[in-house]
Amino acid sequence: MSRIYNFASGPAVLPEAVLRQAQLELLDWQGRGYSVMETSHRSPEFVAVMQETEGLLRTLLQVPAHYRILFMQGGGHQQFAMVPINLLGPKFNADYIVTGHWSRAAAEEARRFCNVSEAADTVAAGCCHVPAQVELRLDPQAAYAHYCPNETIHGVEFDYVPETGGVPLVADMSSSFLSRPVDFARHGLIYACAQKNFGPAGLTAVIVREDLIGHASSRWPTMLDYRAYADAQSMWNTPATFSVYIAMLVLRWLRAEGGVAEIERRNIEKSRLLYEAIDGSAGFYVNRVRPAHRSRMNVPFALRDERLEATFLAEAAACSLVQLKGHRAVGGMRASIYNAMPLAGVQALVGFMHDFAQRHG
Ligand SMILES: *Cc1c(COP(=O)(O)O)cnc(C)c1O
């Protein structure tokens, strides 16, 4: 069996070494005669998995001691609701910086709970850049300000952390988590669903400054209160045990590869290679995002001649390059090149794109 290069946007490629380890341990985990899926989440062996996962995350991202790491379910969408539920406190206004599909979706959900003010909206303006700091209309009285550092669908990534002047900054890092270091001093809360860069679906990580926990009204369900997770070491109820275990293997792999600084270096190299291929194609391939705001994780591109799209996808698949179709909201192609995509995969894609342009240009 040979692995192909999978450019899916999420759930996405996992490191091959992780899948092999999971396969090896599936029937007989650590000589126990059962799998990690078949034991109590309260058992010492699973508690150790939970603790190692949290510890690795804390070390790899250099999470300060006064930030709690919480694991939950519900994905990015549940955080769209949990953030206002937990962070509004007595306030009723929140700022949202809208730069693409996901930050817009977060803002729309928040409208159920509070007054949402759009500190910027670059989707309306064509969605190909992030606003400059001076363009942000931030309310110093807002309960929090929310942004999405990497827009998975539009391929737009912030090249700076917004300055909010003391208002807690919330980041949806679902598609850029662990791809680069995080400046925690500038963030009150970050969250990420796992299925892009961290593990399988079913797991969500929330890293939150301690003082922001404990402000949810008691009329909300316990499961939507960060305090329930903080008080119970993320085991208020049964966590997604298998997803946590795979995430632990992903973090061990990341550490063995050299950690976040090294993976960031590789992500810069991989994305540079791909954007150079697009820009160097004399207009055969097009990416409309402003160069400084191009995503290192998700690279959308169009073919000058749309009629070639189906041929491109079919020929790419024949070369073992799959899941390159763009999101329906944007069209065209999209190559997601998360941490687990090896440089060789990007090189193979770039080689194919060059060859395809020669034959069809
Ligand atoms: C995928 C994604 C989401 C949605 O996550 P779900 O787990 O499907 O709810 C939210 N935000 C961003 C940035 C994403 O990439």
Only one of V299, V286, V206 is within 16 Å of the ligand (Cβ to nearest atom) and farther than 22 Å from L169 by Cα. Can you tell me which? V299
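Here's the yes/no breakdown for (1) in a loop (DSSP other than H, G, I, E, B); (2) within 12 Å of the ligand (Cβ to nearest atom); (3) modelled with pLDDT under 95:
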site	(1), (2), (3)
A105	no, yes, no
F113	yes, no, no
S117	no, no, no
A125	yes, no, yes
C128	yes, no, yes
R137	yes, no, no
Q141	yes, no, no
H146	no, yes, no
L178	yes, no, no
Inspect the range 229-236 for any residue being within 16 Å of the ligand (Cβ to nearest atom) and open to solvent by less than 50 Å² (accessible area, probe 1.4 Å) and give the result as yes or no. no
Considering (1) assigned to a loop (DSSP other than H, G, I, E, B); (2) under 15 Å from S281 (Cα atoms), say which one A357 fails and leave the rest. (1)
Taking the range 50-63 and keeping only residues that are open to solvent by 40 Å² or more (accessible area, probe 1.4 Å) and more than 16 Å from G199 (Cα to Cα), one is left with Q51, R58, T59, Q62
Can you spot a residue in the range 327-336 that is modelled with pLDDT of 95 or more, open to solvent by 40 Å² or more (accessible area, probe 1.4 Å) and not polar (S, T, N, Q)? no
Residues located in the range 280-313, provided they are free of Cβ contacts under 8 Å to residues at least 40 places away in the same chain, in a helix (DSSP H, G or I) and surrounded by fewer than 15 Cβ atoms within 10 Å (Cβ to Cβ): P291, E306, R307, A310
Just for the range 148-160: of the residues that are within 16 Å of the ligand (Cβ to nearest atom) and surrounded by fewer than 22 Cβ atoms within 10 Å (Cβ to Cβ), which one is nearest to P291 (Cα to Cα)? F158
Per the filter on the range 184-201, residues of a type in the set (K, R) and over 8 Å from the mean Cα position of the chain (by Cα) are R186
Per the filter on the range 64-84, residues under 17 Å from the mean Cα position of the chain (by Cα) and either more than 16 Å from the ligand (Cβ to nearest atom) or aromatic (F, W, Y) (or both) are I69, F71, F80
Members of the range 161-176 found to be touching a Leu at 6+ places or on another chain (Cβ under 9 Å) and within 13 Å of the ligand (Cβ to nearest atom), listed by number: V170, A171
Going by the conditions given, is I263 modelled with pLDDT of 95 or more, buried (at least 18 other Cβ atoms within 10 Å of the Cβ) and in a helix (DSSP H, G or I)? yes
Determine if the range 169-183 includes at least one residue that is buried (at least 20 other Cβ atoms within 10 Å of the Cβ) and more than 13 Å from the chain's Cα centre (by Cα). yes
Which numbered condition trips up R68, out of (1) in contact with a strand residue (DSSP E or B) (Cβ under 6 Å, 6 or more places away or on another chain); (2) under 27 Å from N298 (Cα atoms); (3) of a type outside the set (A, V, I, L, M, F, W, C)? (2)
Listed residues R3, R42; which is within 29 Å of L313 (Cβ to Cβ), surrounded by fewer than 15 Cβ atoms within 10 Å (Cβ to Cβ) and more than 16 Å from the ligand (Cβ to nearest atom)? R3
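The values are calculated or read from the model by the stated rules, or taken from the named source; none is laboratory data. These numbers come from a predicted model, not from an experiment. Glycine gets a Cβ as well: all are built from the backbone with ideal geometry, and neighbour counts include every protein chain shown. Calculation scope for accessible area: heavy atoms of the full protein, side chains included, ligands and nucleic acids excluded. Shrake-Rupley method; radii C 1.70, N 1.55, O 1.52, S 1.80 Å.
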